[in-house]
Amino acid sequence: MLRVRCLRGGSRGAEAAHYIGSRLGRVFTGWVQRSFQSTQAATASQNTCAADDNKATSPVPKDCPVCSYNEWDPLEEVIVGRAENACVPPFSVEVKANTYEKYWGFYQKFGGQSFPKEHLKKAIAEIEEMCNILKREGVIVKRPDPIDWSVKYKTPDFESTGMYAAMPRDILLVVGNEIIEAPMAWRARFFEYRAYRQLIKEYFSCGAKWTTAPKPTMADKLYDQDYPICSVEDRHKLAAQGKFVTTEFEPCFDAADFIRAGRDIFVQRSQVTNYMGIEWMKRHLAPDYRVHVVSFKDPNPMHIDATFNIIGPGLVLSNPDRPCHQIELFKKAGWTVVHPPVPLIPDDHPLWMSSKWLSMNVLMLDEKRVMVDANETSIQKMFENLGISTIKVSIRHANSLGGGFHCWTCDIRRRGTLQSYFD
(Lines give C-alpha, C1' and ligand atoms only; values in the text may rest on other atoms or scores of the structure.)
Protein backbone atom coordinates (compact mmCIF):
# COMPACT_ATOMS: atom_id res chain seq x y z
CA MET A 1 0.00 0.00 0.00
CA LEU A 2 1.21 3.50 -0.75
CA ARG A 3 1.70 5.24 2.57
CA VAL A 4 2.50 8.90 2.91
CA ARG A 5 4.10 9.66 6.25
CA CYS A 6 3.71 13.33 7.05
CA LEU A 7 4.82 15.77 9.68
CA ARG A 8 2.19 17.64 11.62
CA GLY A 9 0.35 19.96 9.25
CA GLY A 10 1.14 23.64 9.15
CA SER A 11 -1.10 26.37 10.46
CA ARG A 12 -3.60 25.99 7.63
CA GLY A 13 -4.11 22.29 8.33
CA ALA A 14 -4.37 22.81 12.07
CA GLU A 15 -6.81 25.72 11.79
CA ALA A 16 -8.98 23.86 9.33
CA ALA A 17 -9.03 20.65 11.36
CA HIS A 18 -9.94 22.64 14.47
CA TYR A 19 -12.72 24.43 12.60
CA ILE A 20 -14.28 21.28 11.21
CA GLY A 21 -13.74 19.40 14.44
CA SER A 22 -15.67 22.05 16.33
CA ARG A 23 -18.53 21.64 13.88
CA LEU A 24 -18.60 17.86 14.05
CA GLY A 25 -17.67 17.14 17.61
CA ARG A 26 -15.02 14.73 18.74
CA VAL A 27 -16.33 11.80 16.74
CA PHE A 28 -14.87 12.96 13.43
CA THR A 29 -12.02 15.18 14.54
CA GLY A 30 -9.42 12.42 14.25
CA TRP A 31 -10.03 11.49 10.64
CA VAL A 32 -10.52 15.12 9.57
CA GLN A 33 -7.09 15.91 11.03
CA ARG A 34 -5.58 12.93 9.22
CA SER A 35 -7.12 14.11 5.96
CA PHE A 36 -5.65 17.58 6.40
CA GLN A 37 -2.27 16.15 7.30
CA SER A 38 -2.25 14.03 4.17
CA THR A 39 -2.95 17.08 2.00
CA GLN A 40 0.11 18.78 3.48
CA ALA A 41 2.35 15.71 3.18
CA ALA A 42 4.34 16.62 0.12
CA THR A 43 5.26 20.10 1.34
CA ALA A 44 7.75 18.70 3.86
CA SER A 45 11.07 17.41 2.57
CA GLN A 46 11.13 14.63 5.17
CA ASN A 47 8.08 12.92 3.69
CA THR A 48 8.51 9.41 2.32
CA CYS A 49 6.36 7.16 0.17
CA ALA A 50 6.34 3.41 0.06
CA ALA A 51 4.17 1.11 -2.00
CA ASP A 52 3.15 -2.50 -1.54
CA ASP A 53 1.22 -3.94 -4.45
CA ASN A 54 1.04 -7.57 -3.37
CA LYS A 55 -2.66 -7.72 -2.56
CA ALA A 56 -5.07 -9.77 -4.65
CA THR A 57 -7.84 -8.05 -6.58
CA SER A 58 -10.97 -9.78 -7.80
CA PRO A 59 -10.67 -10.20 -11.57
CA VAL A 60 -13.15 -8.42 -13.83
CA PRO A 61 -15.61 -10.90 -15.38
CA LYS A 62 -14.53 -11.76 -18.92
CA ASP A 63 -17.64 -10.45 -20.68
CA CYS A 64 -18.32 -7.47 -18.41
CA PRO A 65 -18.84 -4.30 -20.51
CA VAL A 66 -17.59 -2.10 -17.66
CA CYS A 67 -13.85 -1.92 -16.98
CA SER A 68 -11.74 1.21 -16.51
CA TYR A 69 -8.82 1.85 -14.19
CA ASN A 70 -7.38 5.15 -15.35
CA GLU A 71 -7.85 8.15 -17.64
CA TRP A 72 -5.72 7.07 -20.62
CA ASP A 73 -6.01 3.38 -21.56
CA PRO A 74 -7.57 2.84 -25.02
CA LEU A 75 -11.19 4.01 -24.85
CA GLU A 76 -13.78 1.50 -26.07
CA GLU A 77 -17.10 2.68 -24.63
CA VAL A 78 -18.25 5.98 -23.16
CA ILE A 79 -21.36 7.75 -21.90
CA VAL A 80 -21.80 11.24 -23.37
CA GLY A 81 -24.16 13.67 -21.64
CA ARG A 82 -27.18 15.54 -23.00
CA ALA A 83 -27.87 19.28 -23.14
CA GLU A 84 -31.55 18.70 -23.99
CA ASN A 85 -33.96 20.37 -21.53
CA ALA A 86 -31.11 21.79 -19.43
CA CYS A 87 -32.38 24.22 -16.79
CA VAL A 88 -30.71 26.97 -14.78
CA PRO A 89 -30.52 25.79 -11.15
CA PRO A 90 -32.32 27.89 -8.53
CA PHE A 91 -30.03 30.43 -6.86
CA SER A 92 -29.52 28.59 -3.57
CA VAL A 93 -26.60 29.02 -1.17
CA GLU A 94 -24.57 26.14 -2.65
CA VAL A 95 -25.05 27.48 -6.19
CA LYS A 96 -23.98 30.97 -5.13
CA ALA A 97 -20.80 29.58 -3.54
CA ASN A 98 -19.84 27.79 -6.77
CA THR A 99 -20.53 30.52 -9.32
CA TYR A 100 -19.00 33.85 -10.24
CA GLU A 101 -20.54 37.08 -8.98
CA LYS A 102 -21.06 38.46 -12.49
CA TYR A 103 -23.55 35.64 -13.17
CA TRP A 104 -25.55 35.87 -9.95
CA GLY A 105 -28.14 38.09 -11.61
CA PHE A 106 -28.53 35.48 -14.36
CA TYR A 107 -29.31 32.78 -11.78
CA GLN A 108 -31.67 35.01 -9.84
CA LYS A 109 -33.61 35.84 -13.01
CA PHE A 110 -33.65 32.45 -14.76
CA GLY A 111 -33.36 29.90 -11.92
CA GLY A 112 -35.76 27.04 -12.62
CA GLN A 113 -36.09 27.97 -16.29
CA SER A 114 -34.35 26.77 -19.42
CA PHE A 115 -30.90 27.98 -20.34
CA PRO A 116 -31.14 30.32 -23.37
CA LYS A 117 -32.82 28.29 -26.10
CA GLU A 118 -30.58 29.31 -29.00
CA HIS A 119 -27.47 28.64 -26.94
CA LEU A 120 -28.78 25.20 -25.97
CA LYS A 121 -29.57 24.41 -29.59
CA LYS A 122 -25.96 25.09 -30.54
CA ALA A 123 -24.64 23.09 -27.58
CA ILE A 124 -26.79 20.10 -28.56
CA ALA A 125 -25.44 20.22 -32.11
CA GLU A 126 -21.85 20.39 -30.84
CA ILE A 127 -22.28 17.35 -28.61
CA GLU A 128 -23.93 15.40 -31.42
CA GLU A 129 -20.89 16.11 -33.58
CA MET A 130 -18.62 15.08 -30.72
CA CYS A 131 -20.50 11.75 -30.51
CA ASN A 132 -20.15 11.23 -34.25
CA ILE A 133 -16.39 11.81 -34.07
CA LEU A 134 -16.02 9.41 -31.16
CA LYS A 135 -17.87 6.75 -33.15
CA ARG A 136 -15.58 7.34 -36.13
CA GLU A 137 -12.65 6.78 -33.80
CA GLY A 138 -14.06 3.35 -32.95
CA VAL A 139 -15.67 4.23 -29.59
CA ILE A 140 -19.12 2.94 -28.58
CA VAL A 141 -21.24 5.89 -27.43
CA LYS A 142 -24.16 5.66 -25.00
CA ARG A 143 -26.45 8.52 -23.95
CA PRO A 144 -28.59 9.17 -20.84
CA ASP A 145 -32.37 9.43 -21.11
CA PRO A 146 -33.88 12.85 -21.89
CA ILE A 147 -35.79 14.20 -18.90
CA ASP A 148 -37.85 17.33 -18.23
CA TRP A 149 -35.65 19.08 -15.68
CA SER A 150 -38.08 21.99 -15.17
CA VAL A 151 -40.41 19.84 -13.05
CA LYS A 152 -40.49 21.05 -9.44
CA TYR A 153 -39.95 18.43 -6.74
CA LYS A 154 -40.13 18.45 -2.97
CA THR A 155 -38.58 16.29 -0.25
CA PRO A 156 -39.13 16.59 3.52
CA ASP A 157 -36.06 18.86 3.60
CA PHE A 158 -36.15 21.07 0.51
CA GLU A 159 -37.77 21.80 -2.83
CA SER A 160 -36.11 22.52 -6.15
CA THR A 161 -36.19 22.05 -9.88
CA GLY A 162 -33.64 19.94 -11.71
CA MET A 163 -30.69 20.94 -13.88
CA TYR A 164 -29.50 18.52 -16.57
CA ALA A 165 -27.83 15.23 -17.50
CA ALA A 166 -25.02 16.97 -19.35
CA MET A 167 -22.04 15.91 -17.25
CA PRO A 168 -21.94 12.16 -16.53
CA ARG A 169 -18.43 12.62 -15.07
CA ASP A 170 -20.02 14.52 -12.18
CA ILE A 171 -22.31 11.72 -11.09
CA LEU A 172 -20.64 8.46 -12.19
CA LEU A 173 -17.23 7.06 -11.30
CA VAL A 174 -16.05 3.80 -12.86
CA VAL A 175 -13.44 1.90 -10.82
CA GLY A 176 -12.58 -1.43 -12.39
CA ASN A 177 -15.89 -3.11 -13.17
CA GLU A 178 -17.83 -1.06 -10.63
CA ILE A 179 -20.02 1.94 -11.39
CA ILE A 180 -20.27 4.23 -8.37
CA GLU A 181 -23.21 6.62 -8.35
CA ALA A 182 -22.22 9.81 -6.53
CA PRO A 183 -24.63 11.38 -4.00
CA MET A 184 -24.03 14.93 -5.33
CA ALA A 185 -24.28 18.14 -3.28
CA TRP A 186 -26.52 20.52 -5.22
CA ARG A 187 -30.23 20.25 -4.55
CA ALA A 188 -30.89 20.86 -8.25
CA ARG A 189 -28.97 17.65 -8.97
CA PHE A 190 -30.66 15.43 -6.38
CA PHE A 191 -32.55 13.37 -8.98
CA GLU A 192 -29.98 13.56 -11.77
CA TYR A 193 -29.26 9.85 -11.41
CA ARG A 194 -32.66 9.07 -12.98
CA ALA A 195 -31.33 9.91 -16.45
CA TYR A 196 -28.65 7.19 -16.13
CA ARG A 197 -30.59 4.42 -14.41
CA GLN A 198 -31.60 2.55 -17.57
CA LEU A 199 -27.98 2.45 -18.76
CA ILE A 200 -26.69 1.37 -15.36
CA LYS A 201 -29.29 -1.40 -15.11
CA GLU A 202 -28.16 -2.69 -18.50
CA TYR A 203 -24.52 -2.71 -17.40
CA PHE A 204 -25.49 -4.38 -14.13
CA SER A 205 -27.40 -7.12 -15.96
CA CYS A 206 -24.22 -7.79 -17.98
CA GLY A 207 -22.06 -8.33 -14.91
CA ALA A 208 -20.98 -4.87 -13.71
CA LYS A 209 -21.01 -3.96 -10.05
CA TRP A 210 -23.34 -1.10 -9.17
CA THR A 211 -22.94 0.96 -6.01
CA THR A 212 -25.03 3.94 -4.96
CA ALA A 213 -23.29 6.05 -2.32
CA PRO A 214 -25.39 7.14 0.69
CA LYS A 215 -27.90 9.71 -0.54
CA PRO A 216 -27.73 12.90 1.53
CA THR A 217 -30.91 14.52 2.79
CA MET A 218 -29.52 17.89 1.60
CA ALA A 219 -31.16 19.45 4.63
CA ASP A 220 -30.18 22.99 5.60
CA LYS A 221 -27.51 21.64 7.97
CA LEU A 222 -25.47 20.35 5.02
CA TYR A 223 -24.79 23.96 3.99
CA ASP A 224 -23.26 26.94 5.74
CA GLN A 225 -26.20 29.27 5.25
CA ASP A 226 -24.02 32.27 6.14
CA TYR A 227 -21.08 31.34 3.91
CA PRO A 228 -19.41 34.75 3.51
CA ILE A 229 -18.43 35.28 -0.14
CA CYS A 230 -18.18 38.73 -1.63
CA SER A 231 -14.97 38.54 -3.64
CA VAL A 232 -12.32 36.17 -5.00
CA GLU A 233 -10.09 37.20 -2.10
CA ASP A 234 -12.77 36.02 0.34
CA ARG A 235 -12.88 32.67 -1.40
CA HIS A 236 -9.09 32.30 -1.26
CA LYS A 237 -9.08 32.96 2.48
CA LEU A 238 -11.94 30.59 3.18
CA ALA A 239 -10.50 27.78 1.07
CA ALA A 240 -7.09 28.19 2.74
CA GLN A 241 -8.80 27.85 6.13
CA GLY A 242 -10.62 24.72 5.02
CA LYS A 243 -14.01 26.45 5.03
CA PHE A 244 -16.50 25.47 2.36
CA VAL A 245 -20.21 25.93 1.77
CA THR A 246 -20.82 22.22 2.44
CA THR A 247 -20.47 21.18 6.07
CA GLU A 248 -19.74 17.74 7.52
CA PHE A 249 -23.38 17.13 8.44
CA GLU A 250 -23.55 14.06 6.18
CA PRO A 251 -21.43 12.55 3.37
CA CYS A 252 -21.59 14.25 -0.01
CA PHE A 253 -19.38 14.20 -3.08
CA ASP A 254 -19.40 14.69 -6.82
CA ALA A 255 -17.58 11.99 -8.78
CA ALA A 256 -15.70 14.68 -10.74
CA ASP A 257 -13.64 15.54 -7.66
CA PHE A 258 -11.89 12.16 -8.06
CA ILE A 259 -9.34 11.30 -10.73
CA ARG A 260 -7.89 7.81 -11.30
CA ALA A 261 -4.38 6.47 -11.82
CA GLY A 262 -4.69 2.72 -11.37
CA ARG A 263 -4.50 1.72 -7.72
CA ASP A 264 -4.17 5.37 -6.72
CA ILE A 265 -7.14 7.72 -6.83
CA PHE A 266 -6.77 11.42 -6.04
CA VAL A 267 -9.51 13.63 -4.62
CA GLN A 268 -9.90 17.19 -3.42
CA ARG A 269 -12.07 18.57 -0.63
CA SER A 270 -14.23 21.05 -2.49
CA GLN A 271 -17.45 23.02 -2.34
CA VAL A 272 -19.34 19.83 -3.28
CA THR A 273 -17.18 17.06 -1.77
CA ASN A 274 -16.72 16.93 1.98
CA TYR A 275 -14.43 14.85 4.18
CA MET A 276 -17.21 12.48 5.18
CA GLY A 277 -17.76 11.73 1.50
CA ILE A 278 -14.03 11.18 0.97
CA GLU A 279 -13.86 8.91 4.01
CA TRP A 280 -16.78 6.86 2.68
CA MET A 281 -14.92 6.37 -0.61
CA LYS A 282 -11.68 5.46 1.16
CA ARG A 283 -13.38 2.73 3.16
CA HIS A 284 -15.43 1.52 0.22
CA LEU A 285 -12.46 1.15 -2.14
CA ALA A 286 -9.95 -0.22 0.39
CA PRO A 287 -7.81 -2.29 0.31
CA ASP A 288 -7.47 -2.56 -3.47
CA TYR A 289 -7.35 1.20 -4.09
CA ARG A 290 -5.62 4.03 -2.27
CA VAL A 291 -7.48 7.33 -2.06
CA HIS A 292 -5.26 10.40 -1.52
CA VAL A 293 -6.43 13.90 -0.65
CA VAL A 294 -4.74 16.66 -2.62
CA SER A 295 -5.35 20.39 -2.46
CA PHE A 296 -4.74 23.46 -4.58
CA LYS A 297 -4.47 27.20 -4.37
CA ASP A 298 -8.00 27.52 -5.68
CA PRO A 299 -10.54 30.08 -4.46
CA ASN A 300 -13.45 27.96 -5.64
CA PRO A 301 -12.59 24.25 -5.73
CA MET A 302 -15.24 22.23 -7.53
CA HIS A 303 -14.26 19.24 -9.68
CA ILE A 304 -10.61 18.38 -10.08
CA ASP A 305 -10.30 17.85 -13.83
CA ALA A 306 -9.85 21.50 -14.88
CA THR A 307 -7.19 21.87 -12.19
CA PHE A 308 -5.35 18.55 -12.18
CA ASN A 309 -5.87 16.19 -15.10
CA ILE A 310 -3.87 12.94 -15.25
CA ILE A 311 -3.47 12.15 -18.96
CA GLY A 312 -0.99 9.26 -19.04
CA PRO A 313 1.19 6.99 -16.92
CA GLY A 314 3.44 9.43 -15.11
CA LEU A 315 2.00 12.47 -16.94
CA VAL A 316 -0.28 15.11 -15.45
CA LEU A 317 -1.60 18.50 -16.51
CA SER A 318 -1.40 20.92 -13.58
CA ASN A 319 -3.18 24.26 -13.78
CA PRO A 320 -0.58 27.04 -13.36
CA ASP A 321 -3.18 29.32 -11.75
CA ARG A 322 -4.02 26.69 -9.13
CA PRO A 323 -0.77 25.06 -8.02
CA CYS A 324 -1.02 21.72 -6.25
CA HIS A 325 0.23 21.75 -2.66
CA GLN A 326 1.34 18.12 -2.98
CA ILE A 327 3.06 18.31 -6.37
CA GLU A 328 6.35 17.03 -4.92
CA LEU A 329 4.64 13.69 -4.29
CA PHE A 330 4.31 13.27 -8.05
CA LYS A 331 7.74 14.62 -8.92
CA LYS A 332 9.43 12.30 -6.44
CA ALA A 333 7.58 9.39 -8.05
CA GLY A 334 9.14 10.38 -11.39
CA TRP A 335 6.04 11.93 -12.92
CA THR A 336 6.20 14.65 -15.56
CA VAL A 337 4.17 17.72 -14.60
CA VAL A 338 3.00 19.85 -17.53
CA HIS A 339 1.51 23.32 -17.14
CA PRO A 340 -0.99 23.98 -19.93
CA PRO A 341 -1.01 27.36 -21.69
CA VAL A 342 -3.46 30.16 -20.91
CA PRO A 343 -6.89 29.40 -22.45
CA LEU A 344 -7.92 31.31 -25.57
CA ILE A 345 -11.66 31.47 -24.95
CA PRO A 346 -12.88 35.10 -25.33
CA ASP A 347 -13.83 37.13 -22.28
CA ASP A 348 -17.31 37.81 -23.64
CA HIS A 349 -18.20 34.13 -24.11
CA PRO A 350 -20.66 33.09 -21.36
CA LEU A 351 -19.31 30.54 -18.90
CA TRP A 352 -22.18 30.34 -16.45
CA MET A 353 -20.78 27.44 -14.45
CA SER A 354 -17.03 27.22 -14.97
CA SER A 355 -13.76 29.01 -15.70
CA LYS A 356 -11.82 29.29 -18.94
CA TRP A 357 -9.59 26.41 -17.84
CA LEU A 358 -11.97 23.95 -19.47
CA SER A 359 -9.29 24.06 -22.17
CA MET A 360 -7.35 21.45 -20.13
CA ASN A 361 -10.49 19.39 -19.44
CA VAL A 362 -9.59 16.98 -22.23
CA LEU A 363 -10.54 13.39 -22.97
CA MET A 364 -7.78 10.89 -23.72
CA LEU A 365 -8.74 8.26 -26.29
CA ASP A 366 -5.47 6.52 -25.52
CA GLU A 367 -1.96 7.58 -24.54
CA LYS A 368 -1.32 9.09 -27.99
CA ARG A 369 -4.72 10.59 -28.89
CA VAL A 370 -6.60 13.39 -27.15
CA MET A 371 -9.90 15.13 -27.83
CA VAL A 372 -9.34 18.87 -27.53
CA ASP A 373 -11.26 22.03 -28.39
CA ALA A 374 -10.76 23.08 -32.00
CA ASN A 375 -10.41 26.73 -30.93
CA GLU A 376 -7.64 26.12 -28.38
CA THR A 377 -4.63 26.17 -30.71
CA SER A 378 -2.11 26.77 -27.91
CA ILE A 379 -2.92 23.58 -26.03
CA GLN A 380 -3.08 21.69 -29.33
CA LYS A 381 0.54 22.67 -29.91
CA MET A 382 1.43 21.61 -26.36
CA PHE A 383 0.01 18.13 -26.96
CA GLU A 384 1.76 17.83 -30.31
CA ASN A 385 5.06 18.68 -28.59
CA LEU A 386 4.31 15.82 -26.17
CA GLY A 387 3.86 13.44 -29.10
CA ILE A 388 0.08 13.24 -28.65
CA SER A 389 -2.12 13.69 -31.70
CA THR A 390 -5.15 15.94 -31.30
CA ILE A 391 -8.73 15.23 -32.33
CA LYS A 392 -10.25 18.67 -32.68
CA VAL A 393 -13.90 19.35 -31.86
CA SER A 394 -15.57 22.68 -31.14
CA ILE A 395 -17.80 22.66 -28.03
CA ARG A 396 -17.72 26.34 -27.07
CA HIS A 397 -21.48 26.53 -26.45
CA ALA A 398 -21.42 23.24 -24.56
CA ASN A 399 -18.62 24.72 -22.40
CA SER A 400 -21.08 27.34 -21.17
CA LEU A 401 -23.02 24.65 -19.31
CA GLY A 402 -20.02 23.89 -17.13
CA GLY A 403 -17.84 21.28 -18.75
CA GLY A 404 -15.21 20.28 -21.26
CA PHE A 405 -14.69 16.91 -22.93
CA HIS A 406 -13.80 15.12 -19.70
CA CYS A 407 -16.89 16.49 -17.92
CA TRP A 408 -19.23 15.65 -20.80
CA THR A 409 -18.16 12.00 -20.72
CA CYS A 410 -17.79 9.01 -18.43
CA ASP A 411 -15.55 6.28 -19.76
CA ILE A 412 -17.23 2.93 -19.26
CA ARG A 413 -14.60 0.66 -20.77
CA ARG A 414 -10.92 1.16 -21.44
CA ARG A 415 -8.70 -1.69 -22.62
CA GLY A 416 -6.14 -2.14 -19.85
CA THR A 417 -5.29 -3.75 -16.54
CA LEU A 418 -5.03 -2.56 -12.95
CA GLN A 419 -1.56 -1.27 -12.21
CA SER A 420 0.22 0.86 -9.65
CA TYR A 421 2.01 3.95 -10.93
CA PHE A 422 3.59 4.95 -7.61
CA ASP A 423 5.80 1.93 -6.83
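Okay, helix-only estimate at 222 nm for the chain: each DSSP H run of n ≥ 4 adds -39500 (n - 2.57), divide by all residues, round to 500 deg cm²/dmol; what do you get?
-7500 deg cm²/dmol
For the residue pair D145 and K96, what label-to-label distance in nm results when each label sits 7 Å from Cα along the Cα-to-beta-carbon direction?
In this crude spin-label approximation the distance works out to 3.5 nm.
Using only the Cα atoms of the chain, construct the convex hull and provide its projected area averaged over every direction, in square nanometres to one decimal.
In nm², the orientation-averaged hull projection of the chain is 18.9.
Determine the relative contact order of the chain: mean sequence separation of Cα pairs under 8 Å and six or more apart, normalised by residue count, in whole percent.
Value for the chain: 22 percent.
Taking the full set of protein chains and a 1.4 angstrom probe, give the accessible area of S150 in square angstrom, rounded to the nearest 10.
Its heavy atoms expose roughly 50 Å² to the probe.
How much length, in nm to one decimal, is gained on full extension between D63 and I133, taken as 0.36 nm per residue of separation minus their Cα-Cα distance?
My answer for the length gained is 22.6 nm.
Can you list residues whose amide H is under 5 Å from A165's amide H, if they're 5+ apart or on another chain and H is modeled 1.01 Å from N?
Amide H neighbours of A165: R82.
Of E76, E181, E328, which has the most accessible area with a 1.4 Å probe, and how do the rest follow in descending order?
I get E328, E76, E181, largest accessible area first.
Accessible area per residue of the chain at 1.4 Å probe, in Å²?
Result: 40 Å² of accessible area for each residue.
Using a 1.4 angstrom probe on heavy atoms only, work out the carbon and sulfur share of the accessible area of region 111-261 in %.
52 percent
Enumerate the amide H contacts of S420 below 5 Å, restricted to partners 5 or more residues apart or on another chain; note that Pro and chain-start residues carry no placed amide H.
R263
Please calculate the 1.4 Å probe accessible area of C407, with all protein chains present, and give it to the nearest 10 Å².
About 10 Å², rounded to the nearest 10.
If you place +1 on the Cβ of every Lys and Arg, -1 on the Cβ of every Asp and Glu, and leave all else neutral, what size is the dipole of the chain about its Cα centre, to the nearest 20 Debye?
540 debye
GNM, the chain, Cα, under 10 Å: largest mean-square fluctuation among D157, D366, D148?
Among D157, D366, D148, the largest GNM mean-square fluctuation belongs to D157.
Connecting C-alpha atoms closer than 10 Å in a GNM of the chain, tell me which of P228, P346, P287 has the biggest fluctuation.
Comparing P228, P346, P287 in the GNM, the peak value goes to P346.
Based on the Cα atoms of region 269-317, what semi-axes does the equivalent ellipsoid have, where each is the square root of 5 times one gyration tensor eigenvalue, given in whole Å with the largest first?
Equivalent-ellipsoid dimensions as semi-axes: 20, 17, 7 Å.
Show me, for region 304-314, the HN-Hα J-couplings you get by feeding each phi into the Karplus relation (A = 6.51, B = -1.76, C = 1.60, θ = phi - 60°), rounded to Hz, glycine and proline as x.
In residue order, the calculated couplings are 7, 7, 10, 10, 8, 10, 7, 10, x, x, x Hz.
Can you tally the net charge around H292? Count Lys and Arg as +1, Asp and Glu as -1, for every other residue whose Cβ sits under 10 Å from the Cβ of H292.
Overall, the nearby charge balance is +1.
S378 accessible area, nearest 10 Å², 1.4 Å probe?
The accessible area comes out at roughly 40 Å².
Averaging over every viewing direction, what projected area does the convex hull of the Cα atoms of region 168-309 cover, in nm²?
Averaging across all directions leaves 8.6 nm² for the Cα convex hull.
Do any trypsin sites (Lys or Arg not before Pro) in region 115-190 lie in a DSSP loop with no more than 16 other beta carbon atoms within 10 Å, and if so, which?
K152
So if each residue of separation counts as 0.36 nm, and I subtract the Cα-Cα distance between Y103 and K297, what length gain in nm does that give?
The span from Y103 to K297 would gain 67.6 nm if fully extended.
Can you figure out the FRET efficiency of Q225 with T377, using R₀ = 35 Å and their beta-carbon distance, to the nearest 0.05?
Efficiency at R0 = 35 Å is approximately 0.20.
Under a 5 Å amide H to amide H cut-off, with H placed in plane at 1.01 Å, what residues pair with N70 once short-range neighbours are removed?
G262
Can you compute the modelled spin-label distance between D347 and T217, with each label point 7 Å from Cα toward Cβ, in nm?
Here the modelled spin labels are 4.7 nm apart.
Report Rg(Cα)/(2.2 N^0.38 Å) for region 341-421, keeping two decimals.
Here the Cα radius of gyration is 1.16 times the empirical estimate.
What value in Å³ per residue do you get for the convex hull of the alpha-carbon atoms in region 265-423?
124 Å³
Which peptide among 260-266, 357-363 comes first, and what is the full order, when sorted by highest mean count of other Cβ atoms within 10 Å?
The peptides rank, most packed first, as 357-363, 260-266.
The values are calculated or read from the model by the stated rules, or taken from the named source; none is laboratory data. These figures come from a predicted structure and were not determined experimentally. Neighbour counts run over all protein chains shown; Cβ positions are idealised from the backbone, glycine included. All accessible areas refer to the heavy atoms of the entire protein, side chains included, with ligands and DNA or RNA removed. Shrake-Rupley method; radii C 1.70, N 1.55, O 1.52, S 1.80 Å.
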